[in-house]
1. For segment 26-40, what does the Karplus curve 6.51 cos²θ - 1.76 cosθ + 1.60, with θ = phi - 60°, yield as ³J(HN,Hα) per residue in whole Hz, taken in order and with x for Gly and Pro?
2. Could you order the peptides 9-20, 96-107 from most to least packed, using the average number of other C-beta atoms within 10 Å per residue?
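Bear in mind these aren't lab numbers, they're just calculated from the coordinates by the rules spelled out. What you see is a predicted model, and the numbers here were worked out from it, not measured in a lab. Here the Cβ positions follow ideal geometry from the backbone for every residue, glycine too, while neighbour counts run over all protein chains shown.
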Amino acid sequence: MPVPVEPAPAPAPVPVPIEPVVPAPAPEVVFEPEVPIEEPAPAVVVPVVEEPAPEPTPPAVPEPAVPVKAAAVASAEQPTAVIEAKVQAVVAAATGSPVGVQAAVVVFLLGLGYAYFRFLGSKRVMGTPKPGKS
């Protein structure tokens, strides 16, 4: 039968001498004399006299009037195309993809949401009738 052996006693901790902390001497601050700043000479302001622009003379032959319907169509088409191009450019720059790709992603995500709530998100198990309920 083995005889239990007692472990050797732990060695006594060695005291560490504590030395007082001596602060480092502050660095010497050297102030340099101020350098006088020369002020620039005041600028001379020369007044500008504007001459009135000559008024344009009306043409001798009056221009034909544009029909209202054609003018409305012309003015409506140009800003819409410009606005649409600007919107597409801003969206593409902000998101990194064109508007068509984003529309396709939105339709896809809406389809996934519909499928989830229609089939997977229902609270009852599909196909197994509950007893006592009709």
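1. Taking θ as phi minus 60°, the curve returns 5, x, 6, 9, 10, 9, 8, x, 5, 8, x, 9, 7, 7, x Hz for segment 26-40.
2. The densest-packed peptide leads the list: 96-107, 9-20.
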